[in-house]
1. Just for the range 48-65: of the residues that are out of contact with any helix residue (DSSP H, G or I) (no Cβ under 9 Å at 6 or more places or on another chain) and touching a residue at least 24 places away in the same chain (Cβ under 8 Å), which one is nearest to G138 (Cα to Cα)?
2. Tally time: how many residues in the range 258-295 are crowded, with 22+ Cβ neighbours inside 10 Å and in a helix (DSSP H, G or I)?
3. Name the single residue that is surrounded by the fewest Cβ atoms within 10 Å (Cβ to Cβ) among those in the range 112-170 being under 24 Å from E84 (Cα atoms) and of a type in the set (D, E, K, R).
4. Is it the case, given these coordinates, that D159 is more than 17 Å from the chain's Cα centre (by Cα) and closer than 30 Å to I25 by Cβ?
5. Any residue at all in the range 296-305 that is open to solvent by 30 Å² or more (accessible area, probe 1.4 Å), at negative phi and part of a helix (DSSP H, G or I)?
6. All but one of (1) over 22 Å from V257 (Cβ atoms); (2) open to solvent by less than 50 Å² (accessible area, probe 1.4 Å) hold for G190, so report the exception by its number.
7. Please pick out the residue among L77, L63 that is outside any loop (DSSP other than H, G, I, E, B), within 18 Å of the chain's Cα centre (by Cα) and at negative phi.
8. Return the residue satisfying two criteria in turn: it lies in the range 1-47 and is under 20 Å from the mean Cα position of the chain (by Cα) and among the polar types (S, T, N, Q), and of such residues it is farthest from S256 (Cα to Cα).
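The values are calculated or read from the model by the stated rules, or taken from the named source; none is laboratory data. Remember, it's a predicted structure, so these values are computed and weren't measured experimentally. Note: ideal-geometry Cβ built from the backbone for every residue, glycine included; neighbour counts use all protein chains shown. All accessible areas refer to the heavy atoms of the entire protein, side chains included, with ligands and DNA or RNA removed. Shrake-Rupley method; radii C 1.70, N 1.55, O 1.52, S 1.80 Å.
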Amino acid sequence: MTTRIIGTGSALPEEVITNDDMAKIVDTSDEWISSRTGIRQRKLVGRDENVVTLGTEAARKALEDSGTAPEEIDLVLTATSSSEVYFPNVACQIQGNLHLTNAVAMDVSAACSGFLFVLHIAHAYIQSGVYRKILLVGAETLSRLIDWEDRTTCVLFGDGAGACVVEAQETGIIDAVLHSDGGMGHVLTGSAAALVTPKSEALAAHPLHMDGQAVFKFAVKKVPECIQELLERNQVEADDVKWYLLHQANKRIIQSVAKRMHQPEEKFPVNLEYYGNTSAASIPILLDEMYHSGQIKRGDRCILSGFGAGLTWGAALLDW
């Protein structure tokens, strides 16, 4: 028995911020951003939107798409690093909004790798027989964590959510790997709150900070390595994989991975031009678009892979 994705959904804010709009905020240009990243616009939450509203909408669509009744969900796993509150967690809020009365709910924080982490956790639960039907959500509003005066980071990120329902079936996930390197955590950091206690001074809030070169070098090395790890231990040829669905951070990174894997870029779909880097939401948003556009078909062999703060990275091999 393994884990199969049986329905998907996504939710994105309506507010579009183009690269030309960004040029009015910081010293940049459409040419500078698009040539270095492939991003041309991103979507940002408005006053009445947040990580929970986006996650709830994406989850609702995934439930409907899979034909799953609320009471059938055993577990809700939400990947996010941008909740507006420490508790209740985002998963519990989504559970309450959708009346998933029989579910356990928890968040997982692994930044842009988050969706792969919750997928791996769900797979382990299903293989062990603890749960049979699980709702996975990747939801982020990183626009509220970045320094809008830092042109090296504020142009990169957008808000959004993606979700899927997985259940125990005979076909689906073949294998998955996850990795972490806390020794490199300093190259991508962020904090949202300034805290004070009776015994300490307030801690300064530090918006998202990234050593772009270090992250780029890490990603183009580790992503193909973990994909190759999966292929070799499952005796699968790279040519036999129909789609490589990577975290949508930077088009140059995706192109570099394709080159290192000796695979055509056409097998590495990209949508970051429209959404920017939506962190833990990027892979499930891409999955939802590919599935509902008819590009991914049942039986297609796929690899999902990504990387993020921690540092964290991983991949999953599956038959759709």
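1. Let us first name the residues in the range 48-65 that are out of contact with any helix residue (DSSP H, G or I) (no Cβ under 9 Å at 6 or more places or on another chain), namely 48-49, 57, 64.
Next, only the ones that are touching a residue at least 24 places away in the same chain (Cβ under 8 Å) stay: 49, 57, 64.
Working: E49: 16, E57: 12, E64: 17 Å.
Among residues in the range 48-65 that are out of contact with any helix residue (DSSP H, G or I) (no Cβ under 9 Å at 6 or more places or on another chain) and touching a residue at least 24 places away in the same chain (Cβ under 8 Å), the one nearest to G138 (Cα to Cα) is E57.
2. Step one: of the range 258-295, the residues crowded, with 22+ Cβ neighbours inside 10 Å are 272, 275-288.
Applying the additional criterion that residues be in a helix (DSSP H, G or I) yields 272, 275, 279-288.
Counting residues in the range 258-295 that are crowded, with 22+ Cβ neighbours inside 10 Å and in a helix (DSSP H, G or I) gives 12.
3. Selected residue: E149.
4. Details: more than 17 Å from the chain's Cα centre (by Cα): no; closer than 30 Å to I25 by Cβ: yes.
Judged against the criteria, D159 is not a match.
5. Here is the first cut: in the range 296-305, the ones open to solvent by 30 Å² or more (accessible area, probe 1.4 Å) are 297-299, 301.
Those still in the list that are at negative phi too: 297-298, 301.
Then drop every residue that is not part of a helix (DSSP H, G or I), which leaves none.
No, the range 296-305 contains no residue that is open to solvent by 30 Å² or more (accessible area, probe 1.4 Å), at negative phi and part of a helix (DSSP H, G or I).
6. (2)
7. Working: L63 fails: within 18 Å of the chain's Cα centre (by Cα).
So the residue among L77, L63 that is outside any loop (DSSP other than H, G, I, E, B), within 18 Å of the chain's Cα centre (by Cα) and at negative phi is L77.
8. Result: T3.
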